[in-house]
1. Pop out the ³J(HN,Hα) list for the range 20-31 in order, Karplus 6.51 cos²θ - 1.76 cosθ + 1.60 with θ = phi - 60°, rounded to Hz; leave Gly and Pro as x.
2. Counting residues in the range 10-77 as N, plug N into 2.2 N^0.38 Å and put the Cα Rg over that result.
3. Given the options Leu97, Ser126, Leu44, identify the residue whose Cα lies farthest towards the positive end of the charge dipole of the chain (+1 on Cβ of Lys, Arg; -1 on Cβ of Asp, Glu).
4. List the pair-distance distribution P(r) of the chain, using every Cα-Cα distance, as the percent of pairs falling in each 5 Å bin from 0 up to the bin containing the longest distance, rounded to whole percents.
5. Applying the Karplus parametrisation 6.51 cos²θ - 1.76 cosθ + 1.60 with θ = phi - 60° to the phi angles of the range 115-120, what ³J(HN,Hα) value in whole Hz is obtained for each residue in order, glycine and proline being reported as x?
6. With θ taken as phi - 60° and the coefficients 6.51, -1.76 and 1.60, list the Karplus ³J(HN,Hα) couplings across the range 42-52 in order, rounded to whole Hz; mark glycine and proline as x.
7. Please list, by residue number, every one of the GluC sites (Glu not before Pro) in the range 1-100 that is coil in DSSP and has at most 15 other beta-carbon atoms within 10 Å.
8. Sort Ile120, Ile93 so that the residue with the fewest other Cβ atoms within 10 Å of its own Cβ comes first and the one with the most comes last.
Amino acid sequence: MDCVYSVDSSEGAKLKKVVEANPFDRESFTYLGYTLKDSQALGLPAGKLALYFKTDDAALAAKLKAKLFVKAADKLKEIEAKGPLDEGKRAMIVKGLEDGEMKSVAEVTGEDREKIVKKIAEEQDSAAAGFGSIFG
């Protein structure tokens, strides 16, 4: 299953933080492998980043998708469930969570999705062919 998501370029640092988290965890983007490209390089309008990964494991795809769509309010509920917070600490946590939330993340569908999947597959095939010619 090919999974494609986009985020505004202005939130690129937040996206990188998510995809680079826990690289040795078997349920991480880094462990699975992903491609992150500027949308313009994929033949789409500028101003977005495209995240692509491929897996045959639907449960893993759902877990990784959930990591992209984490909302500050949901994360705060998890934290508060562990114990009460004083107002100062709560405000600091809320600020940090909101600063890390990606508001523009979206699943890419339709023609744009197909274009991204095709372009990335072509790039990967081209890279594999080049590598094969070096060691062939």
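1. Per residue, the Karplus-derived 3J(HN,Hα) values read 8, 5, 6, x, 9, 6, 5, 10, 10, 4, 5, 5 Hz.
2. On the way: Rg = 13.0 Å, N = 68, 2.2 N^0.38 = 10.9 Å.
Compactness ratio reported: 1.19.
3. Comparing the listed Cα positions along the dipole, Leu97 ranks first.
4. Bins of 5 Å from zero give 2, 9, 17, 18, 18, 14, 9, 6, 3, 2, 1, 1, 0 percent of pairs.
5. Listing the rounded values in order: 5, 5, 4, 5, 5, 5 Hz.
6. 9, x, 10, x, 5, x, 10, 10, 10, 10, 10
7. Working: sites: Glu11, Glu20, Glu27, Glu78, Glu80, Glu87, Glu98; in loops: Glu20, Glu27.
Passing sites in the range 1-100 are Glu20, Glu27.
8. Numbers: Ile120 19, Ile93 16.
In order of increasing Cβ crowding within 10 Å: Ile93, Ile120.
We did not get these values from a lab; they are worked out from the coordinates using the rules stated. Just so it is clear, the structure is predicted and the values come from calculations on it, not from any experiment. Methodologically, a virtual Cβ is constructed for each residue, glycine included, from the backbone with ideal geometry; neighbour enumeration extends over all protein chains shown.
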